[in-house]
Amino acid sequence: MFNRDPFSKDEEQKPSKKPRDKALEKKELDEDKKDVELEKGDFLAMMIAFGMYALPVLLLVILFFLGITWLLFG
C-alpha cells in the first residue's frame, strides 16, 4: 500500500479537476461565433478605448522622459 511509485500511472488515479485546470482547457467555440466581423461602430469604440487607456500611459512616459531631461540638462 505504501510502497508504490508516486510517478506511476495507476488506473485508479483520477485526474484532478481543479478550477485552474478547467480554466486552462481549450474551449471550443460554436461555428457561428468563430468568424467574428467588425460592425459599423466597432472601430470608433476601439479608438475610444485606446484613448481612455493607452493614451494616458503614453503621456506619462513622455512626461517622465521630459522630467529626466529637464533635471539633467535644465
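Modelled with pLDDT under 70, of a type outside the set (A, V, I, L, M), touching a Lys or Arg at 6+ places or on another chain (Cβ under 9 Å) and part of a loop (DSSP other than H, G, I, E, B): does that describe residue 5? For residue 5, the condition - modelled with pLDDT under 70, of a type outside the set (A, V, I, L, M), touching a Lys or Arg at 6+ places or on another chain (Cβ under 9 Å) and part of a loop (DSSP other than H, G, I, E, B) - is not met. Looking at residue 10, is it at pLDDT 70 or above and not hydrophobic (A, V, I, L, M, F, W, C)? Considered against the rule, which asks whether it is at pLDDT 70 or above and not hydrophobic (A, V, I, L, M, F, W, C), residue 10 comes out as no.
The values are calculated or read from the model by the stated rules, or taken from the named source; none is laboratory data. All figures in this text were calculated on a predicted structure; none of them were measured in a lab. Neighbour counts run over all protein chains shown; Cβ positions are idealised from the backbone, glycine included.
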